[in-house]
1. Given the structure, is B:Phe504 buried (at least 19 other Cβ atoms within 10 Å of the Cβ) and more than 30 Å from A:Arg50 (Cβ to Cβ)?
2. I'm trying to understand the selection: among the residues of the stretch B:553-575, which are outside any helix (DSSP H, G or I) and within 7 Å of chain A (Cβ to nearest Cβ)?
3. Can you pull out every residue in the stretch B:212-243 that is within 26 Å of the chain's Cα centre (by Cα) and either of a type outside the set (Val, Ile, Thr) or on the phi > 0 side of the Ramachandran plot (or both)?
4. Could you list all residues from the stretch A:172-196 that are of a type outside the set (Lys, Arg), in contact with a helix residue (DSSP H, G or I) (Cβ under 7 Å, 6 or more places away or on another chain) and in a helix (DSSP H, G or I)?
5. When the stretch B:690-731 is examined, which residues are found to be charged (D, E, K, R) and either closer than 28 Å to B:Ser356 by Cβ or buried (at least 21 other Cβ atoms within 10 Å of the Cβ) (or both)?
6. Those residues that are touching a residue at least 40 places away in the same chain (Cβ under 8 Å) and assigned to a helix (DSSP H, G or I), I need them from the stretch B:322-335; list them, please.
7. Among the listed residues B:Val413, B:Val368, B:Val447, identify the single one that is touching a Pro at 6+ places or on another chain (Cβ under 9 Å) and farther than 30 Å from B:Ala179 by Cα.
8. Which of the residues belonging to the stretch A:201-219 are touching a Lys or Arg at 6+ places or on another chain (Cβ under 9 Å) and over 15 Å from A:Ala176 (Cα atoms)?
Amino acid sequence: MSPSGQGRRVGLVESIGAHLLLIVAVAFALYPVLWVISLAFSGAVEPTARVIPVPIEPTLEHLRGVAFSTLEVPGGPDRWLFGLQLANSIVISLATALVGVVIAVPTAYALARFEFVGKDSGVRALLATQMFPAVASAIPLYIILDGLGLLGTRSGLVLCYATTAVPFAIFQLRGAFETIPRDLEEAAMVDGATRFEAFRKVVLPAARPAIAVTALFAFMSAYNEFVLAHTMLGREEMYTVPVVLQRYISEFSADWPKFAAGSLIVSIPVMVLFYIAQRHLIAGLTAGGVKG
Amino acid sequence: MSPRTGSFAHVLCLIFALLAALAPARARADDLRLWHAYRDAEAAALVEVVERFSAATGHRVELLAVAHESFASKLVATIPRGQGPDVFIDSHERLGDYRQRALVGPATAALDDPAVYSAQSLAAVTRDGVVWGVPLSAKSVALFVNTGLVGHVPKTLEEIAALSLPAGVYPLAYEAQSAYGHMPLLAAFGGRMLAEDASFGFVGPAAERSLAFARELAERGAVPRDADGALVADLFRSGRAAFAISGPWLVGDLAQVRFAWRVIPLPVVAETGLPMRPPLTVEAAMLSPQGAAKPAALALARALGGADAAELRQRQAGTLSVRTDVPVPEDNPVLAGFRAQAELAEPMSADPAMRSTWEPAFRAIRKVLRGQADPAEALAEAAHRFADVRRPPPAAASPTPALLLLGLGLLLVAFHLVRRARDPDARQALRRSLPAYRYVAHSVVVVGLLVFVPLIVGAATSLFAGRPGEGYYVGLANFVEILTARGGPLLATGSFWFVLLVTFLWTAVNVVLHLGIGLALGLVLSRPTLRLRALYRVLLIIPWAVPSYVTALAWKGMFHQQYGAVTGLIHAVNDLFGTSVEPIAWFSRFATAFAANVATNVWLGFPFMMVVTLGALTAVPADVLEAAEVDGASRWQRLTRVTLPMIRPALAPAVTLGAIWTFNMFNVVFLVSGGDPDGATDILVSEAYRWAFTREAQYGYAAAYAVLIFLLLLVTTRLPAWLARRSEAAR
């Protein structure tokens, strides 16, 4: 038996198998997305069962209709509504990511490095909050935001999103900090740095990939959310894009092509972020992980 | 400050500056707020009406478009806090509900001479002798005729159904499965959804005959069995339905069709000799209680309902006016058709109980059309369901025992704390903890205020019943009701125990598939010799990056029995291999509906597991695997004895998290199957949602569901660790 020859043949078969498996998986992953794309570019409808998602009578009309929507202000010039709404979405999501990370970083660090009274019960309680469905806690949250005078504002919405972003970021980052060797900070402290300086100058840079991924998650969950956004935001020029999309499909008439066109535009920023972050994604995710 | 933190601070400042800059100029205190649900041409017409009003009176008006579905919930959230609109345009059928919640004020002072409104529309906005809104327009469905396909329009529904048409063209398309779509037919048989005394009207011989009739239409292939509004529009637009029952919202879609069409009143049902009468919705300008006190708001409501405004809306947006002094333009036969229909229509009941008829009626109609139940049987079930939802909430209980328990608990905690504070060890531990507290203090405040307080208040809601704002303490009655399945059989569809089983099955199947697929793809992707790895990885992550509500709806479309892509695949397979697989009605049976939900959720969730696996695999050192190979371990042994045990610690938390997410995965269940068939695929969270938002706003009941979900998750995630600790202690 010649191990190398047979090994190569087995390798070839396996390699073909691997590619086949991956191609099937990619087809599975892309198929629904291709339908959304085809719908967004279709100029006509044809109610028949089709297999291949290609647009019928291709047109850019829907994309244009969504992207160039304007707000007619009584007695004033029209404003570019969609631009405002996209800016809202992006700024609100960035703020959520930032608030989440800024609050979570020191806490996660303390959880990873210090022993203190109440640590274990605190962590367990925090994990438990993630198990409570939002259906029941949404209304008390409104009342609190109302008390703070933030109901119906974008800052209030950011705080709403922070309620899920912060606990998740804490868990995620605690795991990341735990994987960073203590020697690094200890060496810095021997060199005369205070604990906080060591944290800032040594640990934070080392945890950058994990922080980026955590921020990406917070960004994405805020960016895609529409139930809270819809109830919280009081004016059309404050709406985030998912709320706008929801308006295209109402009970009586559903404008599916516009909905699809809007979905495409919404997905692009997240896709770009994912593409940029994908190198870090794998390292950042495993470093974290929830430990109860 | 180091350069890095400096730049970080800059970014922070920039973002908050952006948040502030995006904030529109604060509305002036005397601005009027007007909310509406209009789109496109109707919204543009409204803006013009408002501009005229502002020019004439000098009052600025701030307009807000709100989605029709969430109009009510938004009013409830804002009006009691003084942040709601002064005037809002909504359908009259919500008036009963709004009145009950004190969201509307009287509008009599904003009316013109009552004689100028059609009697129907005025009656629709009058309750208890008071007018609660200025009627603006009337909307109902009517019959759209493709005159290119049919030259002579038959008088009766039976004749329409018997038309001989080219293959693939339905004689008639209407929303057969929705209660709203069935109402005209029900009226033709002399029945109604809600009886005069607010009891369930959709029972008895008239209702049964109407259902049998609808079933026959579907069985003969005269109408599509499961058309929603969008499909009705598509069928008519593409010339695949000769007639369609639809409303004014279809008109805009028909701007570019190449055939001639017109709008006429609905036909007569020959079996009874009565016409099909659609429900009429009157849109009215209503005033919030604060708006009703403002003369300017009253003037705005009056202007909205004025003859000028009505004329403008008819001309620009094709919205049918209810004013008798505003004639339909002669060059607008479509509007004339809708007006003729409106005169024959009956205003929808504005009783709050009307809302509770939709879900039971909808389920009954669907069951009958799918041939899963006889009309009588399905309707009896619907009546039972209606009665169950309308059942008065549990009686008030004395809060004394709970308060006693609470006091006792607080006392114990205080006692415990005092003892700890006296203990020198504990004091020292506390002192040692001080540096750590500096890092966590701020997040304790934020998380405490924003996460724990709402959660505790929310959990406490489960001990109350009644509408929000007038709730009263009922003790554990909500829990008792849930756990006893509201007095019905314990394992009936929709009972807590049944839903619980479905939820566990749902979670288990999803987690296994997520993990299996994610693991397999992760392992394949980490093959050292694989080419195009980066490309595959990016493409496979896409399901994660697209918003889940978008893809959930895309999947639902793919599972449509007649026009979905899955059916297209089945046809393609049949053509290719000469087989004869029937297209599957995915949402009519539990197994297939469940499978559709699972397919969607697996699609959404596998990339997460794949990425976690990939990450975990990078931590498996190559030399360990090589050593195992040298020792003669086969590939399979290397996988199961080395790789999997090594990545297990990294995967375990992700699996726990994934299980929690899946357990509470509301979007997929709600958007894909919507609980079909008959609520069987609902999971606990979607059931809680229904109690909170579609069944009489029973927040206390929904909160009790939430508490049960929480306890279940807590126990199941804690159990393994607890068992492990116990067995260790035993050893």
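1. Values: buried (at least 19 other Cβ atoms within 10 Å of the Cβ): no; more than 30 Å from A:Arg50 (Cβ to Cβ): yes.
Spelling it out, it is not the case that B:Phe504 is buried (at least 19 other Cβ atoms within 10 Å of the Cβ) and more than 30 Å from A:Arg50 (Cβ to Cβ).
2. Here is the first cut: in the stretch B:553-575, the ones outside any helix (DSSP H, G or I) are B:559-564.
Within the stretch B:553-575, B:Gln562, B:Tyr563, B:Gly564 qualify.
3. We begin by selecting, within the stretch B:212-243, every residue within 26 Å of the chain's Cα centre (by Cα); these are B:224-235.
Within the stretch B:212-243, B:Pro224, B:Arg225, B:Asp226, B:Ala227, B:Asp228, B:Gly229, B:Ala230, B:Leu231, B:Ala233, B:Asp234, B:Leu235 qualify.
4. A:Gln172, A:Leu173, A:Gly175, A:Ala176, A:Phe177, A:Glu178, A:Thr179, A:Leu184, A:Glu185, A:Ala188, A:Met189
5. Of the residues in the stretch B:690-731, the ones charged (D, E, K, R) are B:690, B:695-696, B:718, B:725-726, B:728, B:731.
Result: B:Arg690, B:Arg695, B:Glu696.
6. So in the stretch B:322-335, the residues touching a residue at least 40 places away in the same chain (Cβ under 8 Å) come out as B:322-325, B:333-334.
Listed by number, the residues that qualify are B:Pro333, B:Val334.
7. Values: B:Val413 fails: touching a Pro at 6+ places or on another chain (Cβ under 9 Å); B:Val368 fails: farther than 30 Å from B:Ala179 by Cα.
Exactly one of B:Val413, B:Val368, B:Val447 is touching a Pro at 6+ places or on another chain (Cβ under 9 Å) and farther than 30 Å from B:Ala179 by Cα, namely B:Val447.
8. A:Lys201
The values are calculated or read from the model by the stated rules, or taken from the named source; none is laboratory data. Just so you know, these numbers come straight off a predicted model, no measurement behind them. Cβ atoms come from the backbone with ideal geometry, glycine included; neighbour counts cover every protein chain shown.
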